[in-house]
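**Student:** Have a look at this one.
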Amino acid sequence: MNNNPDLLSVQDIKIEIKTKKGPVYPVRGLSFSLKRGQSLCIVGESGCGKSVTALSVLGLLPKSTFRLIHGKILFDGTDLVKLPENMMRDIRGRRISMVFQDPMTALNPVFSIGEQIREAIVAHGDTHPMTGKTTGTPGLKEWIVELLGLVGIPEPDRRYYSYPHELSGGLRQRAMMAMALACGPDILIADEPTTALDVTIQAQILNLIRQLKQKSGLGLVLITHNLGVVAQIAEKVLVMYAGKAVEEAPVDELFEAPFHPYTKGLMESVPYGLPLGTKRLRSIKGNVPPLDAIPSGCAFQSRCTQSMEICQRKDPPLSSLSPTRKVACHLYTDCAWKKGGARPTVGKP
Ligand code: SF4
């Protein structure tokens, strides 16, 4: 019996955007899962569909433009895709919450930090994020101050009354995290939470996420383009390219032996040994194809140094190479070996 079933199970989702030139698909058949207390990093370059995926889990994609045309998003057994908006609103913030790259997009400039957190708690109930205990409204302010202290905001009783513009970028990010944790969610989705911050603050925020996860058993989905961040936080990694998963692995196995040529390219561009964030990832030759020009066959073919004839014809499915590893690349499929290609080793490349 599996004692830790999937808390979140995204199954073969396909998302359509309506454009004047016709529909395009930023996410094209993506599946992944997260267990309670697990941390998953979704990694890839800008435009690979990471953020669209996160917003779709929370039902936050603008309905006028985006449409989930296939797949299921199961949270604790409930398909969020079919949930009415009033029930989705209850799950959003209370059971699944999100922090964004730019806290100013989530914080209201005309209310103090404390008032905004109080609002979030009153709207959803008032369960303590770390203990699961219910706090009565009379003690709410003290509890919010405690929460602000917990996310590392100095002088939390004074900062309760601060407005977002009175805080530094790092403190705003911490305030947003306090708000995201206020209702004791089961899952925190963090979309590039440290990208806009300087290196020291990045490291502090990552540390904080790690500590909060350990204390509260929070499931974490962290979206990033930065493999340095992945190495610090992830247990499981999903590498995305052009709207699809191209590789999935436990973090230590991925760093030990990446399989997909795209993952290898990302790894080779990581400034190992240098402090996190001191160098941006060197880009792999070429760019992610635009949504209206994704080639048939493997979407990575124009940038891949190992591209073969079959790569232009057939899109490789994500296949299991071992109980823990999955990869979508013809280098690892029978058809390539049958044509006389060497079978790539499943181990250190
Ligand atoms: Fe390269 Fe072909 Fe593998 Fe795509 S399927 S990554 S083009 S070898």
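The values are calculated or read from the model by the stated rules, or taken from the named source; none is laboratory data. Predicted model only: the values in this text are computed from it and were never measured. All Cβ positions, glycine included, derive from the backbone under ideal geometry; neighbour counts span all protein chains shown. The area values use the complete protein model at the heavy-atom level, side chains included, leaving out ligands, DNA and RNA. Shrake-Rupley method; radii C 1.70, N 1.55, O 1.52, S 1.80 Å.
**Student:** Condition first: within 12 Å of the ligand (Cβ to nearest atom), modelled with pLDDT under 90 and open to solvent by less than 40 Å² (accessible area, probe 1.4 Å). Can you find one or more residues in region 295-305 that meet it?
**Tutor:** No, there is no match, as no residue in region 295-305 is within 12 Å of the ligand (Cβ to nearest atom), modelled with pLDDT under 90 and open to solvent by less than 40 Å² (accessible area, probe 1.4 Å).
**Student:** Go through the residues of region 174-182 one by one and say whether even a single one is crowded, with 20+ Cβ neighbours inside 10 Å and at pLDDT below 85.
**Tutor:** Yes, region 174-182 contains at least one residue that is crowded, with 20+ Cβ neighbours inside 10 Å and at pLDDT below 85.
**Student:** Which ones in region 316-330 are open to solvent by 30 Å² or more (accessible area, probe 1.4 Å) and within 11 Å of the ligand (Cβ to nearest atom)? Walk me through how you get there before you give the answer.
**Tutor:** Kept after step one, since they are open to solvent by 30 Å² or more (accessible area, probe 1.4 Å), are these residues of region 316-330: 317-324, 326.
Scanning region 316-330 gives a single hit, Pro317.
**Student:** For Met104, indicate whether it is part of a helix (DSSP H, G or I) and farther than 23 Å from Lys35 by Cβ.
**Tutor:** Details: part of a helix (DSSP H, G or I): yes; farther than 23 Å from Lys35 by Cβ: yes.
So Met104 fits the description; yes.
**Student:** Pull up region 306-315, narrow it to residues that are more than 7 Å from the ligand (Cβ to nearest atom) and in a loop (DSSP other than H, G, I, E, B), then point me to the one that is least open to solvent (accessible area, probe 1.4 Å).
**Tutor:** Going through the qualifying residues, I end up with Asp315.
**Student:** What about Val145, is it open to solvent by less than 20 Å² (accessible area, probe 1.4 Å), in contact with a Lys or Arg (Cβ under 9 Å, 6 or more places away or on another chain) and either within 25 Å of Leu55 (Cβ to Cβ) or at pLDDT 85 or above (or both)?
**Tutor:** It is false that Val145 is open to solvent by less than 20 Å² (accessible area, probe 1.4 Å), in contact with a Lys or Arg (Cβ under 9 Å, 6 or more places away or on another chain) and either within 25 Å of Leu55 (Cβ to Cβ) or at pLDDT 85 or above (or both).
**Student:** Among the residues of region 61-70, is there at least one that is outside any strand (DSSP E or B), over 23 Å from Met177 (Cβ atoms) and among the basic types (Lys, Arg)?
**Tutor:** yes
**Student:** All but one of (1) assigned to a helix (DSSP H, G or I); (2) at pLDDT 90 or above hold for Tyr161; which doesn't?
**Tutor:** Going through the list (1) assigned to a helix (DSSP H, G or I); (2) at pLDDT 90 or above, Tyr161 breaks only (1).
**Student:** Quick check on region 102-109. Is at least one of its residues at pLDDT below 90, open to solvent by less than 40 Å² (accessible area, probe 1.4 Å) and of a type in the set (Val, Ile, Thr)?
**Tutor:** No; the residues of region 102-109 include none that is at pLDDT below 90, open to solvent by less than 40 Å² (accessible area, probe 1.4 Å) and of a type in the set (Val, Ile, Thr).
**Student:** Can you work out which of the residues in region 18-42 that are touching a helix residue (DSSP H, G or I) at 6+ places or on another chain (Cβ under 8 Å), in a strand (DSSP E or B) and among the hydroxyl-bearing types (Ser, Thr, Tyr) is surrounded by the fewest Cβ atoms within 10 Å (Cβ to Cβ)?
**Tutor:** Per the stated criteria, the residue is Tyr25.
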